[in-house]
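The values are calculated or read from the model by the stated rules, or taken from the named source; none is laboratory data. Because the structure is predicted, anything quoted here is derived from the model rather than measured. Here Cβ is always computed from backbone atoms with ideal geometry, including for glycine, and neighbour counts include all displayed protein chains.
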Amino acid sequence: MSIDLIEELKQHLAVQPVNSSLIKLEKKIPGISQCLESCPGKILVKGMVSGSHNIGLKYEGELVSLLVMGSPRFNKKYKWELLRYCTKVGITVVGGASKLLSSFLKENPGTLISYADRRWSQGNLYKTLGFKEINRTAPSHSYVDLHEMIRLSTYKVRGDKIKRYIDKHDPRLTEAANMQLAGYERIFDCGSLVFTKE
């Protein structure tokens, strides 16, 4: 492992707590992709997602935390889905998620659903926010081009969508076989924890 990589990892692992009472609430924050363009590498995100409501916390004028809410993607029984909560690398905003969620629910009441990726999370934040675990999903898969370091979720390549990502598609073959012929490896995750809040 190179010295540069070790130093970068140390920076990412060093956490500086910030009390949320010192932070300004911003209700009109651009989406995650715009936040990353304006401060690349500073906001920790577990993949891109778009939502209808982006609420952030700023400390000394700098975005340190972002909550993304939207319509549920998989279960329409609920009013809202908590799509992402992310923070600036190296920062823990004490009480930040609670402050953002409370602010959102004051103006947008309704039931909530969210998913914690079991590769990275045991769902402790959801429990702190008053969510209840209702299910554990089976592992899913995605595809990775190891040369280009591109990961595609299975949702992006289902059915005819696969033609957007690979040049030669053989309809007689399975999705996995087509992706493998195109140079992608199939990888599996650990499933998700499903949380709701009434």
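Brief remarks follow.
- Yes/no for residue 106 being within 23 Å of residue 54 (Cα to Cα) and either hydrophobic (A, V, I, L, M, F, W, C) or not in a helix (DSSP H, G or I) (or both): no
- Only one entry of 46, 58 meets the criterion of being modelled with pLDDT under 90 and part of a loop (DSSP other than H, G, I, E, B), and that entry is 46.
- Restricting attention to the range 65-91, the residues being of a type outside the set (S, T, N, Q), in contact with a Gly (Cβ under 9 Å, 6 or more places away or on another chain) and at pLDDT below 95 number 9.
- Residue within the range 54-61 that is in contact with a helix residue (DSSP H, G or I) (Cβ under 9 Å, 6 or more places away or on another chain) and in contact (Cβ under 8 Å) with a residue 60 or more places away in the chain present: no
- Of all residues in the range 153-182 being at pLDDT 90 or above and touching a strand residue (DSSP E or B) at 6+ places or on another chain (Cβ under 6 Å), the one that is surrounded by the fewest Cβ atoms within 10 Å (Cβ to Cβ): 176
- Considering residues of the range 87-120 that are among the hydroxyl-bearing types (Ser, Thr, Tyr), within 14 Å of the chain's Cα centre (by Cα) and closer than 18 Å to residue 74 by Cβ only, the residue surrounded by the fewest Cβ atoms within 10 Å (Cβ to Cβ): 115
- Scanning the range 83-97 for residues that are assigned to a strand (DSSP E or B) and closer than 22 Å to residue 59 by Cβ turns up 84, 85, 86, 87, 88, 91, 92, 93, 94.
This table checks each residue for (1) more than 16 Å from the chain's Cα centre (by Cα); (2) outside any loop (DSSP other than H, G, I, E, B); (3) outside the structural domain of residue 72 (by TED's automatic domain parsing).
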| site | (1), (2), (3) |
| --- | --- |
| 122 | no, no, yes |
| 135 | yes, yes, yes |
| 142 | no, yes, yes |
| 155 | no, yes, yes |
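- Taken as a whole, the range 149-159 holds no residue that is at negative phi, aromatic (Phe, Trp, Tyr) and touching a residue at least 40 places away in the same chain (Cβ under 8 Å).
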